[in-house]
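What follows is a single structure, written as structure tokens, with notes after it.
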Amino acid sequence: MCGIVGYVGDKDVNSVLMAGLWRLEYRGYDSSGVASIVNGDLEVRKVEGKLMNLEGILREKPLVGNIGIGHTRWATHGEPSEQNAHPQVDCEENIALVHNGVIENYYTIKEELIKKKHVFKSNTDTEVLAHLIEEYYNGDLKESVLKAVRRLEGSFAIAVIAASEPDKIVSYKSGSPLIVGLGKKENLVASDIPALLDHTKHIVIMNDNEMVVLQKENVEFYNRDGESIEKEEREIKWSPTSLDKGDFPHYMLKEIYEQPEVIERNIDLRLEGGEFDFGENFNFSPHKLAHLSHIVIQACGTSWHAGYIGKYLFEGYARIHTEVDISSEFRYRKPVMEGEPLVMAISQSGETADTLAGLREAKAKFLEILSLVNVRGSAIDRESDGTIYLNAGPEIGVASTKAYTSQIFQLYLFSLYLSKLKWAMDATENEEKIKEVNSIPKKMKKILKNVDKIKEITEKYKNEKHFMFIGRGINYPSALEGALKLKEISYIHATGYPAGEMKHGPIALISKNSPVVAIAPHSSVYEKMLTNIEELKTRGAKIIVIASEGDKRIKELGDDVIYIPPCEENLSPVLVALPLQLFAYYIAILNGRDVDRPRNLAKSVTVE
Ligand code: F6R
């Protein structure tokens, strides 16, 4: 959601800002803009729509100079338009500002500023801040920004330039993410690491209520009171090429195909030397984990589906009562937290506003948080007591794929670890279940090789307007995930249901030729699944089944069958995810959708 990039150095500001914005495109946006300072004047270019439009304008009318700020906007206050795009400027056109987040008390401040004769041109909360900084400005941008941000409520990250101080960018973080890139005779600031990687691997992660002032050869950090602070520099290991699509037409497809490699990497990291190793930031003692009263998982979207699978794993293997909540519900429902629970936050980005707020809600109750996060150094990573990293590499496609299967995989291993600590499972059985994971990458590769079958099925169903996904047991959350993947990238309505629940209402939706995706690999609930499929078949549904190789019975029931290699029931969601992702991907492609950047969606949901 909204991407910020700022640059000061010797390079051409057009190309640095544009390249940075392209790298942030995955976050989701509907308009964009850039500003620089040329001979003591602000120059601003803004457009509605795709970044291609901004690039076009910059080709015709390039910015001049070596300092600038850029932005991709995901509209919250005011419709997507050139006027509402950032940078927003003050009355004097001295100050330009880009912003990620929401300023909740903007309306009151706007009324106050209107009384003081400020003239507003947009409907945004952001413009209010540009005028507020102007109101306090007396020749010191840093001081006026500090005074202004102290008045704000909400979550925001900003980058500000002033024509009267053409050598610096002032940036402040409170809620939304902000990373500083330290270069040689150049410095940068951005909402996410990919925008910096072409210039430097040396970064500083900003915490809330911190300010940075960037100049070409100098970077200073301050706290909210304007006192100088020291910050830790880190080196990023990713290479810029890991951010490219390679030979794949879309990031999503590339990321689907990376999944066997992600699981292989995690087998090496987590099970090296035959012992569980949850990484350098795990921080939870075996003693503490052995005495947990229960587990509370909170997450959003696909990460919530992974969390739901976690419930089956923790209860099934470790016999620990587990609750799973959608973060936006968890944080407002006044949850009862008695005993010694472990709260788990699951998030690819580590920046999801609701998940972060849920984590803070739990912390306020003095509970300890263990998170599963892909992006190291993200807010959820930093604020948790311990983190298990997903090690999935950068995930750029908006639809989560490789992070999801890694989340399930980590939960599987963690549940086996807990079962060992709690003596909930026979040691030999535990060993057997651990060994099972070694076969998973090979099985995933096999599924990915059989993509033609999935393509063929999607051709057949591409014009359907509604899909139902059903599953039972640990693959009920897989059904939810299959439906979410399909709807978010194809815009076709899809709904996921526990198969046993169909006759309590949803079966009324089934008529002749209604397409139903049934997830029915061999499992403890296989026979029950067959009965549920029969019930739908009898009512005319067209059944697309995901089944285990060698299952002959299913052929008679399913109109189309996608086979996956047989595996341990509790690992099956990892394999099942692949055909579901490919099914959604090819249906979306056949419908001409922009799968990497589906409409209205953002990769990192930093507002509630
Ligand atoms: C769907 C998807 C979203 C995210 C959700 C949470 O494909 O990607 O549903 O899972 O927005 O995001 P994270 O995991 O970054 O907290």
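The values are calculated or read from the model by the stated rules, or taken from the named source; none is laboratory data. Everything numeric in this text was worked out from a predicted model, so none of it was measured. All Cβ positions, even for glycine, are placed from backbone atoms using ideal geometry, and neighbour counts span all protein chains on display.
Condition test on N463, is it touching a strand residue (DSSP E or B) at 6+ places or on another chain (Cβ under 6 Å), more than 23 Å from I263 (Cα to Cα), surrounded by fewer than 22 Cβ atoms within 10 Å (Cβ to Cβ) and polar (S, T, N, Q)? No, not satisfied. Within 18 Å of I408 (Cβ to Cβ) and either surrounded by fewer than 23 Cβ atoms within 10 Å (Cβ to Cβ) or at pLDDT 95 or above (or both): is that true of G301 in this structure? Against the criterion (within 18 Å of I408 (Cβ to Cβ) and either surrounded by fewer than 23 Cβ atoms within 10 Å (Cβ to Cβ) or at pLDDT 95 or above (or both)), G301 qualifies.
For the subset of the stretch 237-288 comprising residues that are of a type in the set (D, E) and part of a helix (DSSP H, G or I), which member is nearest to V375 (Cα to Cα)? Among residues in the stretch 237-288 that are of a type in the set (D, E) and part of a helix (DSSP H, G or I), the one nearest to V375 (Cα to Cα) is E255. On inspection, L580 passes the criterion of being within 16 Å of the ligand (Cβ to nearest atom) and either acidic (D, E) or farther than 30 Å from E79 by Cα (or both). Kindly check whether there is at least one residue in the stretch 207-220 that is without any contact (Cβ under 8 Å) to a residue 12 or more places away in the chain and either touching a helix residue (DSSP H, G or I) at 6+ places or on another chain (Cβ under 9 Å) or not in a strand (DSSP E or B) (or both). Among the residues of the stretch 207-220, at least one is without any contact (Cβ under 8 Å) to a residue 12 or more places away in the chain and either touching a helix residue (DSSP H, G or I) at 6+ places or on another chain (Cβ under 9 Å) or not in a strand (DSSP E or B) (or both), which makes the answer yes.
Given the condition assigned to a strand (DSSP E or B) and over 22 Å from the mean Cα position of the chain (by Cα), answer yes or no: does some residue in the stretch 80-94 qualify? Yes; the residues of the stretch 80-94 include at least one that is assigned to a strand (DSSP E or B) and over 22 Å from the mean Cα position of the chain (by Cα).
What about A392, is it touching a Lys or Arg at 6+ places or on another chain (Cβ under 6 Å), farther than 23 Å from T606 by Cα and aliphatic (A, V, I, L, M)? So A392 does not fit the description; no. Inspect all residues belonging to the stretch 237-258 and state whether any of them is surrounded by fewer than 19 Cβ atoms within 10 Å (Cβ to Cβ) and in contact with a strand residue (DSSP E or B) (Cβ under 6 Å, 6 or more places away or on another chain). Within the stretch 237-258, not a single residue is surrounded by fewer than 19 Cβ atoms within 10 Å (Cβ to Cβ) and in contact with a strand residue (DSSP E or B) (Cβ under 6 Å, 6 or more places away or on another chain). For the stretch 562-571, does any single residue satisfy the condition of being of a type in the set (V, I, T) and either under 26 Å from V373 (Cβ atoms) or within 12 Å of the ligand (Cβ to nearest atom) (or both)? Among the residues of the stretch 562-571, not one is of a type in the set (V, I, T) and either under 26 Å from V373 (Cβ atoms) or within 12 Å of the ligand (Cβ to nearest atom) (or both), which makes the answer no. From the list G181, G175, the one residue that fits, being in contact (Cβ under 8 Å) with a residue 12 or more places away in the chain, at positive phi and crowded, with 16+ Cβ neighbours inside 10 Å, is G175. If the condition is being charged (D, E, K, R) and either in a helix (DSSP H, G or I) or within 19 Å of the chain's Cα centre (by Cα) (or both), then the stretch 1-38 contributes R23, E25, R27, D30. Kindly evaluate L359 against the criterion of being surrounded by 17 or more Cβ atoms within 10 Å (Cβ to Cβ), at pLDDT 95 or above and closer than 27 Å to M425 by Cα. No. Of the strands (runs of 3 or more DSSP E) that lie entirely inside the stretch 318-423, those containing 1 or more residues that are within 11 Å of the ligand (Cβ to nearest atom) and either under 20 Å from S293 (Cβ atoms) or of a type in the set (F, W, Y) (or both) span 342-347, 368-373. Could you say whether any residue in the stretch 474-488 is acidic (D, E), touching a Pro at 6+ places or on another chain (Cβ under 6 Å) and at pLDDT 95 or above? Within the stretch 474-488, one or more residues are acidic (D, E), touching a Pro at 6+ places or on another chain (Cβ under 6 Å) and at pLDDT 95 or above. Taking every residue in the stretch 77-98 that is farther than 11 Å from A130 by Cα and pairing it with any residue that is of a type in the set (V, I, T), at least 6 positions away or on another chain, the pairs with Cβ-Cβ distances below 8 Å are H77/V102; H77/T124; H77/T126; G78/T124; E82/V47; N84/T124; A85/V47. Within the stretch 289-307, one or more residues are at positive phi, assigned to a helix (DSSP H, G or I) and not polar (S, T, N, Q). For A483, are the conditions met, namely being in the same structural domain as E535 (by TED's automatic domain parsing), more than 16 Å from R593 (Cα to Cα) and touching a strand residue (DSSP E or B) at 6+ places or on another chain (Cβ under 7 Å)? For A483, the condition - in the same structural domain as E535 (by TED's automatic domain parsing), more than 16 Å from R593 (Cα to Cα) and touching a strand residue (DSSP E or B) at 6+ places or on another chain (Cβ under 7 Å) - is met. Cβ-Cβ contacts under 7 Å between residues 6 or more apart (or on different chains), taken from a first residue in the stretch 288-307 that is within 16 Å of the ligand (Cβ to nearest atom) to a second residue that is part of a strand (DSSP E or B) and among the polar types (S, T, N, Q), are listed as I297/T322; A299/S347; S303/S347.
Residues that are touching a Leu at 6+ places or on another chain (Cβ under 6 Å) and in the same structural domain as I474 (by TED's automatic domain parsing) number at least 2 in the following strands (runs of 3 or more DSSP E) confined to the stretch 492-608: 493-498.
Could we say that V336 is β-branched (V, I, T) and either within 15 Å of I408 (Cβ to Cβ) or in contact (Cβ under 8 Å) with a residue 40 or more places away in the chain (or both) here? No: the conditions fail for V336. Every condition in (1) outside any loop (DSSP other than H, G, I, E, B); (2) touching a Pro at 6+ places or on another chain (Cβ under 7 Å) holds for I457 except the one numbered (2). K528 - would you say it is basic (K, R), at pLDDT 95 or above and closer than 30 Å to N600 by Cβ? No.
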